[in-house]
Amino acid sequence: MKRFTISVPDNLKKELDSMADINWVEVARKGIEDKLKNLEQFEALEKRGDL
């Protein structure tokens with residue numbers, strides 16, 4: 001598995017740290033996967049001319 005780093009503003013980091021019981025890496029991974037699926041669906045619709 002590959003890794004990459006993101007930067008967040010200090011105020012957001014404080015909020016994330018205050019909710020330590022949440023796996024923020026998994027939240028981010030799921031968000032990225034969902035966005036990719038949405039973009040793929042959009043591109044498929046665009047290619048078919050359904051937009």
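Contact map, segment 19-30: first residue on the phi > 0 side of the Ramachandran plot, second residue polar (S, T, N, Q), Cβ cut-off under 7 Å, separation 6 or more or different chains; the map is empty. When the residues of segment 1-48 are filtered to those that are aliphatic (A, V, I, L, M) and outside any helix (DSSP H, G or I), the one that is surrounded by the fewest Cβ atoms within 10 Å (Cβ to Cβ) is MET1. Filtering LEU39, LEU45, LEU16, LEU12 for residues that are over 16 Å from the mean Cα position of the chain (by Cα) and without any contact (Cβ under 8 Å) to a residue 60 or more places away in the chain leaves a single hit, LEU45.
The numbers here are math on the coordinates, done by the rules we state, and not lab data. This structure is a prediction, so every number in the text was calculated from the model and none was measured. Because the Cβ atoms are built from the backbone with ideal geometry, glycine has one as well, and the counts that use them run over all protein chains shown.
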